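Report on the structure given below.
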Amino acid sequence: MGDVVVVGAGIVGASVAYHCARLGAAATLVDKALPGAGATGESFGWIGASRRVPAPGRPLHAAAVREYRRVERELPDVRVRWVGSLSWGGPRPPGDLDPGSRLLDAEQVAALEPHLGRPPERAVHTAGDGVVDPRAAADALVAAACARGARAVFGTAVTGVRVSGGRATGVDTTVGCLGADTVVLTAGVDVPVLSAPLGVAVPVAPSPAVLLRLDGPPDLVRTVVATPEVEVRAGADGELLAALAHTGETTAAALARSAERARDRIAALFRGGEDVRLRSARVGVRPMPTAGHPLIGPLVPGAYLAVTHSGVTLAPVAGRLVAEEVVHNVEAPELRGCRPS
């Protein structure tokens, strides 16, 4: 079984640590900040199982919703709202639907989202989609891991992976060495730097996206509403969250202008939208494997990689499968197409 050090306390790392501790391993979770403080904290939090992902990642996405429901049963503090989603205007043909999705007409769309100003003639409804507060979920996973004996070391940067005799034996940090039988790298865009001393070039690039937090009328948005320009959903306490593409903004002023334009688009979508007010705009830098699918599996003896663009959606299933491979050496068929090799 041995000691496991998990580097990176985003939602994927928190899930790996929880599932390792759940299997009885001595797990240590280390991060330069607090849980969910990086890309996880600026994530939109949409959970969905889509087949419109590269083939290697499809088994993971197919299991995503089922695994979230399992974690909900195990950990009541992981709270998912299964509100469903409505999307329209995308590039795929109207009849090309994922399992669990159906095509709605304007009247049916209006029944689900009664505040839409002009319901689209056709939209895809996926009733099984959900939303979660990613940082709160990461906190809950870390707390559950610690309750099962894991150790959390936060505010501590990992400066490198320690190697001896061709095998990873732990990590060097700003407060000293943490020894381990297995090091699991879940640190997102920092993974290429950490893996370089292992002689492995991990093809992961930064992928920035913008998350808006807004105030709006109660019950303005009921599902996840996704258009080509913006995605918007309800958060907690009357808050609205919106996700949009980063278009190269390099100053706070440029980001504020883009955020206001997005607010205007949201306002135009809904009756009552004129009362929507921008609260904040933040850029989250997500990891994007250049192959387009998750990279999960051994790098060198003693070092294991788990990095994915869809971290919020895949955290429960990836965490369980990684833990089973690392702790019990049980190969997961779902991960065969995702190996770093």
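The values are calculated or read from the model by the stated rules, or taken from the named source; none is laboratory data. In this text, all values refer to a predicted model and were calculated from it rather than measured experimentally. Neighbour counts run over all protein chains shown; Cβ positions are idealised from the backbone, glycine included.
Couple of notes before you dig in:
- Criterion (within 17 Å of the chain's Cα centre (by Cα) and not aromatic (Phe, Trp, Tyr)) met by exactly one of ARG282, ARG277, ARG339: ARG282
- Scanning region 289-304 for residues that are aliphatic (A, V, I, L, M) and either in the same structural domain as VAL232 (by TED's automatic domain parsing) or over 16 Å from the mean Cα position of the chain (by Cα) (or both) returns ALA291, LEU299, VAL300, ALA303.
- Set GLY179, GLY188, GLY238: member being closer than 30 Å to PHE154 by Cα, surrounded by fewer than 18 Cβ atoms within 10 Å (Cβ to Cβ) and not aromatic (Phe, Trp, Tyr): GLY179
- Count - residues of region 3-28 that are of a type in the set (A, V, I, L, M) and in a strand (DSSP E or B): 6
- Where GLY57 falls short, out of the listed (1) assigned to a loop (DSSP other than H, G, I, E, B); (2) buried (at least 17 other Cβ atoms within 10 Å of the Cβ); (3) in contact with a Ser or Thr (Cβ under 8 Å, 6 or more places away or on another chain): (1)
- Looking at region 209-259, the strands (runs of 3 or more DSSP E) lying wholly inside it that each contain 1 or more residues that are farther than 19 Å from VAL80 by Cα and in the same structural domain as ARG277 (by TED's automatic domain parsing) sit at 239-245.
- Qualifying position, being assigned to a strand (DSSP E or B), out of contact with any Gly (no Cβ under 8 Å at 6 or more places or on another chain), closer than 25 Å to ARG162 by Cα and not small (Gly, Ala, Ser), among LEU299, LEU278: LEU299
- Matching option when the condition is small (Gly, Ala, Ser) and without any contact (Cβ under 8 Å) to a residue 24 or more places away in the chain, among ALA111, ALA39, ALA63, ALA27: ALA111
- Those helices (runs of 4 or more DSSP H) lying entirely in region 86-195 with at least 3 residues out of contact with any helix residue (DSSP H, G or I) (no Cβ under 9 Å at 6 or more places or on another chain): 106-112, 191-195
- Selection within region 244-275 - closer than 17 Å to GLU113 by Cβ and of a type in the set (Lys, Arg): ARG265, ARG271
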